[in-house]
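Engineer: Provided herewith is a single structure, encoded as structure tokens, for subsequent inquiry.
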Amino acid sequence: MRIRTEAIERHTLSVTVDNEAGILARIAGMFTARGYNIESLTVADVTEDESVSRITIVTSGSSHVLEQIIAQLDRLVPVHKVLDLTAHGPHVERELALVKVAGAGEHRIEALRLADVYRARVVDATTGSFVFEVTGGSDKIDTFVGLMREVGLVEVARTGIVAITRGRDPA
């Protein structure tokens with residue numbers, strides 16, 4: 001007997017939904033009930049009248065699991081469209097992080113130097129600390145946070161991933 005294992009892949013899903021009370025709880029509940037993990041989750045209105053929202057979900061699983069997730073999301077009544085941006089093709093993903101770093105002397109200078117290299121912006125400064133704003137891909141933010149650990153990282157707040165397809169046509 002041969003056991004077949006499928007590769008676990010990270011996928012970014014764009015879910016367009018009616019902006020109504022409880023939809024986020026229903027979607028999160030669907031993931032929880034089936035044992036799927038949500039790695040990142042962001043929600044925002046996407047229409048002028050605030051009647052439709054886009055939920056960006058980052059999750060991991062085999063191709064079979066991703067097919068199940070998409071099919072189950074599609075079945076929820078207030079869901080208009082589910083698009084697997086990863087499978088769809090070229091798309092842009094970004095995340096924002098606020099990174100608080102404390103330090104004096106050489107650590108302070110090094111934190112500013114690294115922030116400049118990573119194009120992080122100082123959004124708050126005191127004599128003993130900085131708060132940096134850094135945007136980019138998750139790997140860039142992970143690396144920046146790792147470097148800040150060495151010079152006095154205090155805390156990090158991250159937004160989660162937002163994503164959109166490339167090109168002029170809507171997804």
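Engineer: If you check every pair at least six apart or on different chains, which have Cβ atoms under 6 Å apart with a residue in the range 142-155 that is over 12 Å from K100 (Cβ atoms) first and a residue that is of a type in the set (A, V, I, L, M, F, W, C) and open to solvent by 10 Å² or more (accessible area, probe 1.4 Å) second?
Structural biologist: Matching pairs, first to second residue: L147/L114.
Engineer: Only one of A104, A87, A120, A115 is of a type in the set (A, V, I, L, M) and closer than 30 Å to I70 by Cα. Can you tell me which?
Structural biologist: Criteria check complete, one pass: A87.
Engineer: Looking at the range 95-109, which of the residues that are open to solvent by 60 Å² or more (accessible area, probe 1.4 Å) and within 16 Å of V134 (Cα to Cα) is farthest from the chain's Cα centre (by Cα)?
Structural biologist: Here the answer is K100.
Engineer: For the range 145-160, give me each residue that is modelled with pLDDT of 95 or more, within 14 Å of the chain's Cα centre (by Cα) and either of a type in the set (G, A, S) or crowded, with 17+ Cβ neighbours inside 10 Å (or both).
Structural biologist: Across the range 145-160, the qualifying residue is only A157.
Engineer: Still on this structure, I have one more. Here is a check on your reading of the model: is H80 part of a strand (DSSP E or B) and open to solvent by 40 Å² or more (accessible area, probe 1.4 Å)?
Structural biologist: Against the criterion (part of a strand (DSSP E or B) and open to solvent by 40 Å² or more (accessible area, probe 1.4 Å)), H80 qualifies.
Engineer: A further question follows. Within the range 130-139, count every residue that is under 13 Å from K100 (Cα atoms) and either in contact with a helix residue (DSSP H, G or I) (Cβ under 9 Å, 6 or more places away or on another chain) or surrounded by fewer than 16 Cβ atoms within 10 Å (Cβ to Cβ) (or both).
Structural biologist: 4
For (1) among the hydroxyl-bearing types (S, T, Y); (2) under 27 Å from G89 (Cα atoms); (3) out of contact with any Phe, Trp or Tyr (no Cβ under 8 Å at 6 or more places or on another chain); (4) open to solvent by 50 Å² or more (accessible area, probe 1.4 Å), each residue gets a yes or a no:
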| residue | (1), (2), (3), (4) |
| --- | --- |
| E6 | no, yes, yes, yes |
| R10 | no, yes, yes, yes |
| E20 | no, no, yes, yes |
| G29 | no, no, yes, no |
| T56 | yes, yes, yes, no |
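Engineer: Have a look at D116, D124, D169, D142 and point out the one that is open to solvent by 50 Å² or more (accessible area, probe 1.4 Å), outside any loop (DSSP other than H, G, I, E, B) and within 26 Å of V15 (Cα to Cα).
Structural biologist: Result of the check over D116, D124, D169, D142: D142.
The values are calculated or read from the model by the stated rules, or taken from the named source; none is laboratory data. Everything numeric in this text was worked out from a predicted model, so none of it was measured. Please note: Cβ atoms are built from the backbone with ideal geometry, for glycine as well, and neighbour counts cover all protein chains shown. Accessible surface is based on the protein model in full, side chains and every heavy atom, while ligands, DNA and RNA are left aside. Shrake-Rupley method; radii C 1.70, N 1.55, O 1.52, S 1.80 Å.
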